[in-house]
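A quick write-up on the structure given underneath.
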Amino acid sequence: MNSKNHKSTFERYILPTFLSAVAIVAWGCGGKTAPSPISNLGQAFKHLASRAASGSHIYQPTGAINAMGFAAQATAAPSALQQSFQGKCTFVLDLSTIPAGNIIPLVIDRGNDQQCSTFFSAPNPTVGSIVSEDGTVGTLLVVADSTTAQNLVCKDLTNTGPTTDGSFLSVWFQPSTNQVQIFSNTTQLPTTCTVPVSPGDAVTRISAQFLKS
């Protein structure tokens, strides 16, 4: 019984440790540094976080992009409070039946599965999200699915527009042009992009992320 326990301990703990030590020495003799399990784990996490399926989010840009945005609108200083927004919808109506020029609000900050079937001829600020502190809106990233199972992306990393404390930010999709638009109350901001939908195809689900800096 003791012999079996001793053998089990040797096989389970001592032998693997010895073999690991031999492997590390052999690696070092070859002039290489043994890879760090922690480093490998970090790289794997970075790869996972960058995948669309992981639900990644956009963050405040730095350097040239941020400076470009501020210079374009002559903004004196960044906002005292930065905010990020995400509007999303799964469309449960035939977009081809919506009159040209009408827009559909993308639901902001209300969970993951939002079914949208309402459209307007002009923006309604009450469907948006309230702004805290004056700031500049920009850095728009849009990801969409289509009826032909295409993964579509558009973005605007250059154009910015002002918004004020207490106003409502809302994001809208115009099916007739496949354009995503951002409004501060009822004023359309320069930040916009057009989803590259092929003729005969249509958007079925969409997510738009943008920042107030």
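Okay, residues lined up against (1) farther than 16 Å from SER184 by Cα; (2) at pLDDT 95 or above:
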site	(1), (2)
ALA71	yes, no
GLN82	no, no
SER117	yes, no
PRO123	no, no
GLY135	no, yes
THR148	yes, no
- Do we find a residue being assigned by TED's automatic domain parsing to the domain that holds GLN174, touching a residue at least 60 places away in the same chain (Cβ under 8 Å), crowded, with 19+ Cβ neighbours inside 10 Å and hydrophobic (A, V, I, L, M, F, W, C) anywhere in the range 125-139? yes
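Suppose we filter ASP165, ASP156, ASP134 for residues that are under 27 Å from SER96 (Cβ atoms) and of a type in the set (Asp, Glu); which single one remains? Give the steps one after another, and end with the answer.
On the way: ASP165 fails: under 27 Å from SER96 (Cβ atoms); ASP134 fails: under 27 Å from SER96 (Cβ atoms).
After ruling out the rest, the residue left standing is ASP156.
Out of all the residues in the range 113-124, which are loosely packed, with under 15 Cβ neighbours inside 10 Å and outside any strand (DSSP E or B)? Give the steps one after another, and end with the answer.
Applying the first criterion (loosely packed, with under 15 Cβ neighbours inside 10 Å) to the range 113-124 yields 113, 115, 117-118, 120-122.
ASP113, SER117, THR118, SER121, ALA122 - these are the residues of the range 113-124 that are loosely packed, with under 15 Cβ neighbours inside 10 Å and outside any strand (DSSP E or B).
Scan SER213, SER170 and give me the residue that is closer than 16 Å to GLY128 by Cβ and crowded, with 19+ Cβ neighbours inside 10 Å.
Values: SER213 fails: closer than 16 Å to GLY128 by Cβ.
Of SER213, SER170, the one residue that is closer than 16 Å to GLY128 by Cβ and crowded, with 19+ Cβ neighbours inside 10 Å is SER170.
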- Cβ-Cβ under 8 Å pairs, at least 6 apart or on other chains, the range 156-175 side assigned by TED's automatic domain parsing to the domain that holds PHE119, far side of a type in the set (D, E, K, R) and surrounded by 23 or more Cβ atoms within 10 Å (Cβ to Cβ): THR163/LYS212; LEU169/LYS212
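Would you list the strands (runs of 3 or more DSSP E) that sit entirely within the range 140-213 and hold 2 or more residues that are among the small types (Gly, Ala, Ser) and touching a strand residue (DSSP E or B) at 6+ places or on another chain (Cβ under 7 Å)? Lay out the reasoning, then the answer.
Details: elements: 151-156, 161-163, 168-174, 179-184, 187-194, 203-212.
Because the criterion is at least 2 residues that are among the small types (Gly, Ala, Ser) and touching a strand residue (DSSP E or B) at 6+ places or on another chain (Cβ under 7 Å), the strands (runs of 3 or more DSSP E) in the range 140-213 that meet it are 203-212.
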- Which residue, of PRO123, PRO105, is touching a helix residue (DSSP H, G or I) at 6+ places or on another chain (Cβ under 7 Å) and within 27 Å of PRO199 (Cα to Cα)? PRO105
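The values are calculated or read from the model by the stated rules, or taken from the named source; none is laboratory data. Model, not experiment: these values are computed from the prediction. For neighbour counting, all protein chains shown are included, and Cβ atoms are generated from backbone atoms with ideal geometry for every residue, glycine included.
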